[in-house]
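Student: Dropping a structure here in structure tokens format, bear with me for questions.
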Amino acid sequence: MERYHAADLRGLAASLFERAGLDAEKAAVTAEILVEGDLLGHTTHGLALLPGYLDGALSGSMRGTGLPETIAATSVVETWDGKRLPGPWLVQKAIALAARRAAEFGLSGVSIQRSCHIGCLAAYLRPVAEAGQMIIVACSDPSVASVAPFGGTRRIYTPNPLAAGWPSPGGPVMIDVSMSITTNGMTNRLRAEGRQFAHPWLLDGQGVATTDPNTFFADPPGSLLPLGGTDAGHKGYALGLLLEALTSALAGHGRADAPTEWGASVLVLVIDPARFGGAEAFLRETGWMERAVHDNPPAPGVERVRLPGERGLALRAEALVQGVALHAGLPAMLRARAEAAGLAMVAPV
């Protein structure tokens, strides 16, 4: 895979977004979050999302200027109408507000309705955890259905990811987990590449488990299995419903409104350990768990036991030095988009 300097990719993506109508700040933040997804190894949720974002901006589905509307507020929580503004910019704005208020009140949350897609959730975690706070980000897309309830065959909700990050003495711990066993992005990628899933992570339209991504697009359509698969999918299904409640239900706008545009309902929650048991005590506990994980005897075939996020942060550090390795097909897509906008494609490392 070709490698590119992260700064060059951010600059190209930001320029493309500006050409599509985003103001400079929104373009820069959106580009930063997409590239951060690739830096962390989430290749289906990095620059692979750029065409959908650009097309949304060019069609007017994603607004490039303006501010969200506050529709409810207390000293600790707010709810925004995102007004179809870029999701990464809205989430970064919500994190900044929640982090300030959490430092005063211990925790703070922002619920967002009618946001555009927010990209890779893991991309938001590291700065907050490095600043000594905990962060939780959750989202769902009320315009899309891809997961059936456990025991059912008709898809009714989305993979509904939940991401969280917190400080530990050795560095941030970061999780980013969907409540389905795989994602829409991976299903689309495998279908386009003519490949199968390694395990039966889908159901066909009759409810039979399968490895074939084409069944997702068949008539009747298939569905993504909940996290836990055919054996324990009742757990992932329950968590998926919880995420629907935390996102669309709290924000006051969701599937009951029958939206049609690709987007997100979002919850951002920031917690400050200093306002609970104390920052020092928090790190003492997370440090204990960190050592317990790293000292755990690895199973056969496993080199070492890692904390969540360790691999992604190691990939990020490597990519910042050696360049970001873009998934096959992405350089050609970026080159075509750059040429269409009258911009030069960045050179590989």
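Taken together, the values in this text are just the output of simple stated rules run on the coordinates, not laboratory data. Predicted model only: the values in this text are computed from it and were never measured. Cβ placement follows ideal geometry from the backbone for every residue including glycine, while neighbour counts extend to all protein chains displayed.
Student: Per 0.36 nm of contour for each residue apart, how much would the distance between VAL76 and ALA340 grow if the chain were fully extended, relative to their Cα-Cα spacing?
Tutor: Here the answer is 90.5 nm.
Student: Pulled fully out, how much extra length does the chain show between ALA258 and GLU130, if you take 0.36 nm times their separation in residues and subtract their Cα-Cα distance? Spell out each step's value before the answer.
Tutor: Working: separation 128, 0.36 × 128 = 46.08 nm, distance 3.89 nm.
Extra length from ALA258 to GLU130 when fully extended: 42.2 nm.
Student: Given a Förster distance of 41 Å, report the FRET efficiency between ALA96 and ARG291 from their Cβ-Cβ distance, rounded to the nearest 0.05. Walk me through the numbers before you get to the answer.
Tutor: On the way: r = 33 Å, r/R0 = 0.80.
It comes out at approximately 0.80.
Student: Okay, moving on. Normalised by the number of residues in the chain, what is the relative contact order in percent for Cα pairs under 8 Å and 6+ residues apart?
Tutor: Details: 754 pairs, mean separation 78.2, N = 349.
After rounding, I find 22 percent.
Student: Once every DSSP H run of n ≥ 4 in the chain is given -39500 (n - 2.57) and the sum is divided by its residues, what mean residue ellipticity at 222 nm do you get, rounded to the nearest 500 deg cm²/dmol?
Tutor: Working: 10 runs with 131 residues, N = 349.
The helix-only estimate for the chain comes to -12000 deg cm²/dmol at 222 nm.
Student: Another question about this same structure. Over the chain, what number does the Rg to Rh ratio reach, with both radii from the alpha-carbon atoms and Rh per Kirkwood? If you can, show how the numbers build up before the last one.
Tutor: Numbers: Rg = 20.2 Å, Rh = 21.0 Å.
Ratio of gyration radius to Kirkwood radius: 0.96.
Student: Select from GLY87, GLY236, GLY151 the residue whose mean-square fluctuation is largest in a Gaussian network model of the chain (Cα-Cα springs shorter than 10 Å).
Tutor: GLY151
Student: Could I ask something else about it? So what's the gap between the Cα centers of the range 144-212 and the range 258-273, to the nearest angstrom?
Tutor: That distance is 18 Å.
Student: What aspartates and glutamates does LYS83 reach when the alpha-carbon gap must be under 18 Å and sequence neighbours fewer than 8 apart in one chain are set aside?
Tutor: LYS83 reaches ASP23, GLU25, ASP55, GLU69, ASP141, ASP257, GLU261.
Student: DSSP H helices in the chain with Cα extent of 27 Å or more along the helix axis and mean Kyte-Doolittle hydropathy at least -0.5?
Tutor: none
Student: Same structure, new question: Label-point separation (nm) for LYS83 and GLU303, each offset 7 Å from Cα along Cα-to-Cβ?
Tutor: 4.8
Student: Which residues does a label at LEU242 reach in the range 262-277, if reach means a backbone N under 17 Å from a point 7 Å past the Cα toward the Cβ?
Tutor: 267-270, by backbone N distance to the label point.
Student: Going highest first, how would you order 333-346, 24-37 by mean Cβ packing within 10 Å?
Tutor: Those peptides, ordered most packed to least, come out 24-37, 333-346.
Student: Going by C-beta contacts inside 10 Å, put ASP295, ASP81, ASP23 in order with the fewest on the left. List each step's numbers first, then the result.
Tutor: Numbers: ASP295 9, ASP81 18, ASP23 14.
Least to most surrounded, the residues fall as ASP295, ASP23, ASP81.
Student: On to the next question. Give me the extension gain from ARG284 to HIS234: residue separation times 0.36 nm, minus the current Cα-Cα distance, reported in nm with one decimal.
Tutor: 14.5 nm
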